[in-house]
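Some notes on the structure that comes next.
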Amino acid sequence: MCGIVGYIGKKKAEPILINGLLRLEYRGYDSAGIATMEAEGIKTIKNKGRVAGLLEIPETQKLEGTVGIAHTRWATHGKPTDINSHPHMDNQKTTAVVHNGIIENYVELKKFLNDNGYEFLSQTDTEVIPNLIHYYYEREVEKNEMAFLRSMAKAVKDLKGSFAIEVLNEDFKDKMFVIRKDSPLVIGKGEGENYISSDIPAILSFTKDFYLLDDYEFAVLSKDNIEFYDLELSKIFKQPKNITWDMSAAEKGDYADFMLKEIFEQPKSIRETIGARITKGVKTNLEELDFTKEYLNSLDRIYIVACGTAMHAGLAVRKIIEKYCRIQTEVDIASEFRYRNPLVTEKSLCIFISQSGETADTIAALKLAKAKGAKTIAISNVIGSSITNEADYSLYTHAGPEIAVASTKAYTSQIVLLAIIAIYFAELLDVAHDEIEELKSEILELPSKVEEVLRDTSKIKAFANRIFTEKNAFFIGRGIDSSVAMEGALKLKEISYIHSEAYAAGELKHGPIALIENGVTVVGIMTDEDLAPKTVSNLQEVITRGAKTFIVTNQELEHVTFDEVIRIPRISKYISPVLSVIPLQLLAYYISKEKGLDVDKPRNLAKSVTVE
Ligand code: F6R
């Protein structure tokens, strides 16, 4: 979960690379480094800490090369130190490599290389790559581009794990070599210049035409040309994809932070997710899916599998599928699913949700489900992401780039898209016609209702100001509201570092209530009129024990006094998480700001988790 960027063209590479790295910092910010091809050879500059630190090193400004690679790191193997920072070079300092991913067999490869006289400066897994390439290239009789590619192919065949790799070699001063497997890498095509990046937004200001590499595909870039090869070095032909996002989608604009911008973008992102997918009175036709009533009737189960916030989106929609389609639906954490030998069969439908489309556990879970014969659907926000390459069917949320590490607009778009899929199923099954029509109307009203929730945030900000120094917080709800409680607690802990836990409200008295003492904050979510009175009783139990309460609701709650009540518009309980989560996103945001933390880049986290 590092970020890599590359440039080859006529301009000085350094500012372009630094600009790209700054945009990729959400992927990791333990260290940063850059290598450019200078007249005297490859020059690398790297340091522990943020990308901005590179600019303080006087040598950085002196880099004149027009070909370069760069890296921002989320440390896995080896502490965040200058030495462990990328780029890494081979012992002869002829080949420079930046790498995103993990080389699982690096210990074995290091031993092999050690036995062949190679030494290692860093504790990283990556350092084996330039040395392995060197090892094979040394054994080539003729030193030409094909021989170098062959050496790279041999080295890559030795690697187990995941990688997106950029390589510079001194013999090919006007070339750049890249290859990927299970880690993201996109190639931006320019005029007389070409770009590499871990994601599209980082280089969107330079080009809108992108090539996406499949696993084990090479690209050899020069300023005017890009050639593609498979692992056996046969040439392949690729068409660029034109990306229609406008650049402002990847800029903060007038907002202080990406997270705030993304929270406020939700009316728009939800509108984009809905697109033309549903229309009142017309049967939903998801062009990406070709299911039939018979197929849906044959299903033994639906599994929704994801990690973190994406898994919470799955929890939020399980009930819609079960209520309207009457198909048993299970929601699983990908890292658990893949190791619990799930009872997936050819009659199962497995839906995998991943904003980035690169989460290692979710991809592995998808591969497992496929191996067991299930049909698989990927839901992602990133076009061409790894998960969409693996799945039988892919649907995009179209929420636009999500840059802040804490996911907000992706969550609400995932819920909306899953609800639309549930509607598509219900219509195929020919059930609950009137209720489904009603649900469609409510989905179409979501963007304006989200606008309403966002109109006045002052009470949320004031409550954040009241509790930001606290150490613990609890989030409770019943039914669908309990899944929102989980998301609210996750948002708060990840960006404010306040210990926060979510409980199904009825569970409190089975243990957690022992933690309630004078002044502790309890957040209650109530959008289900049948369950709200019960949650109110649970809230009274904590108020009696001294808790401060922050309530998000669209119910009339009489005879109880809470410390703060945030009213949200009435909506079907099945899609209420799209509204009720917003005050919780804002609460976490304002608390983090009050504490003076880096909201967009919380400690120890990275946006896409490409390790197990
Ligand atoms: C929390 C958050 C994470 C991600 C999780 C899955 O705010 O962003 O919990 O939801 O890492 O990421 P994706 O959706 O990219 O698979």
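Results, tabulated for the structure shown:
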| quantity | calculated |
| --- | --- |
| Added length on full extension, which subtracts the Cα-Cα distance from 0.36 nm per residue, Asn144 to Asp254 | 34.5 nm |
| Accessible area per residue in Å² at 1.4 Å probe, computed on the range 43-189 | 39 Å² |
| Accessible area of the range 259-452 divided out per residue, in Å², using a probe of 1.4 angstrom | 35 Å² |
| Crossing angle, helix 13-24 versus the chain [Cα axis fit, 0-90 degrees, rounded to tens] | 20 degrees |
| Hits among aspartates and glutamates - C-alpha to C-alpha of Lys459 under 13 Å, sequence gap 8 or more where chains match | Asp563, Glu564 |
| Helical contribution to [θ] at 222 nm, DSSP H n ≥ 4, -39,500 (n - 2.57), averaged over the chain, rounded to 500 | -10500 deg cm²/dmol |
| Nearby lysines by direct alpha-carbon distance to Lys175 (threshold 20 angstrom, same-chain neighbours under 8 apart not counted) | Lys10, Lys11, Lys12, Lys43, Lys93, Lys143, Lys154, Lys189, Lys223, Lys235, Lys238 |
| On Cα atoms only, tilt of 409-429 relative to the major axis of the chain in degrees | 70 degrees |
| Length-normalised contact order for the range 187-227 - Cα pairs under 8 Å, 6+ apart - percent | 42 percent |
| Computed over the chain: relative contact order in percent, which uses C-alpha pairs under 8 Å that are six or more apart | 12 percent |
| Cα-centre dipole for the range 456-594 with unit charges at Cβ (Lys and Arg positive, Asp and Glu negative), debye to 20 | 260 debye |
| Burial order of peptide ranges 54-66, 153-165 (average beta-carbon count within 10 Å, highest first) | 153-165, 54-66 |
| Leading residue at positive end of dipole, the chain (Cβ point charges), from Leu315, Ile270, Ala164 | Leu315 |
| Residues Glu452 and Lys595, FRET efficiency given R0 of 41 Å [Cβ-Cβ distance, rounded to 0.05] | 0.90 |
| Cα-based helix-to-principal-axis angle, 128-138 vs the chain, degrees rounded to 10 | 30 degrees |
| Solvent accessible area, Å² - Met176, 1.4 Å probe, full protein context | 0 Å² |
| Dipole moment magnitude, nearest 20 debye, the chain about Cα centre, only Lys, Arg, Asp, Glu C-beta charged | 620 debye |
| Ranked packing of 413-420, 554-561, 539-546, most packed first, by mean Cβ within 10 Å | 413-420, 539-546, 554-561 |
| Built amide H within the under 5 Å cut-off of Lys375, gap 5+ | Ser348, Cys350 |
| Dipole of the chain [Lys/Arg +1, Asp/Glu -1 at C-beta], most positive-end residue of Cys350, Leu586, Ile575 | Leu586 |
| Contact order relative to length of the range 259-452, as percent, for alpha carbon pairs under 8 angstrom and 6 or more apart | 30 percent |
| Those lysines that a straight Cα-Cα span of less than 17 Å connects to Lys261, excepting residues fewer than 8 apart in one chain | Lys252, Lys409, Lys461, Lys491, Lys593, Lys601, Lys607 |
| Solvent-accessible area, 1.4 Å probe, carbon plus sulfur percent, for the chain | 48 percent |
| Burial ranking of peptide ranges 167-173, 70-76, 593-599, 262-268 (average Cβ count within 10 Å, highest at the top) | 70-76, 262-268, 167-173, 593-599 |
| Contour excess over end-to-end distance, with Cα ends at Thr279 and Lys293 and 0.36 nm allotted per residue | 3.0 nm |
| Cα gyration tensor shape for the range 259-452, rounded if a/c is under 1.5, else prolate or oblate | oblate |
| Full-extension gain in nm, Lys372 to Lys238, via 0.36 nm per residue minus C-alpha separation | 45.1 nm |
| Asp300 paired with His510, simple spin-label distance in nm, labels 7 Å along Cα-to-beta-carbon | 2.8 nm |
| Charge-dipole axis of the chain as Lys and Arg at +1 and Asp and Glu at -1 on Cβ define it, positive-most pick from Thr292, Ala250, Ile200 | Ala250 |
| Given charges at beta-carbon only (K, R positive; D, E negative), |dipole| of the range 3-250 in Debye | 380 debye |
| Backbone HN-Hα couplings from phi across the range 190-199 [Karplus 6.51/-1.76/1.60, Hz, Gly and Pro as x] | x, 9, x, 7, 9, 10, 10, 7, 6, 9 |
| Between the range 456-512 and the range 239-294, the Cα center-to-center distance that results, in Å | 28 Å |
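The values are calculated or read from the model by the stated rules, or taken from the named source; none is laboratory data. Here the structure is a predicted model, which means the values were calculated and not measured. Cβ sites come from the backbone with ideal geometry, for glycine too, and all protein chains shown count toward neighbours. Ligands, DNA and RNA are stripped out before the accessible areas are found, and what is left, the full protein with its side chains, is counted by its heavy atoms. Shrake-Rupley method; radii C 1.70, N 1.55, O 1.52, S 1.80 Å.
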